[in-house]
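Notes follow the structure.
The values are calculated or read from the model by the stated rules, or taken from the named source; none is laboratory data. Model, not experiment: these values are computed from the prediction. Backbone-built Cβ (ideal geometry, glycine too); neighbour counts: all protein chains shown.
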Amino acid sequence: MTNRFLHYGGSKYILNREGEARLQRVLEAVYGGGVNHQWFTLYPDSPTPCSLLIAPGVPMSVETEFEVGDDARAR
């Protein structure tokens, strides 16, 4: 199993599959749908939901961290 992280604003956030799917929809709306910007709530069901501004020019990246023993060639 791989760990996925969102790098945003100098911080690193855990990104689960559901969160990554929601992020993808927001990115498509901002970059493909002509929306100027959109707020993305990373952890909507937690006491601290963590809202991030998704907009053109705001740097972010998604990192895949493989666990020891993972074989990247098998993917």
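For the reader, a short list of remarks on this structure follows.
- Residue tally, condition free of Cβ contacts under 8 Å to residues at least 24 places away in the same chain, aromatic (Phe, Trp, Tyr) and exposed (fewer than 15 other Cβ atoms within 10 Å of the Cβ), over segment 8-59: 1
- Subset of segment 60-75 that is within 22 Å of GLY9 (Cα to Cα) and surrounded by fewer than 11 Cβ atoms within 10 Å (Cβ to Cβ) - its residue that is modelled with the highest pLDDT: SER61
- All positions within segment 6-36 that are over 12 Å from VAL62 (Cα atoms) and not in a helix (DSSP H, G or I): GLY9, GLY10, GLY33, GLY34, VAL35, ASN36
- Of the residues making up segment 41-66, those that are among the polar types (S, T, N, Q) and assigned to a strand (DSSP E or B) are THR41, SER51, SER61, THR64.
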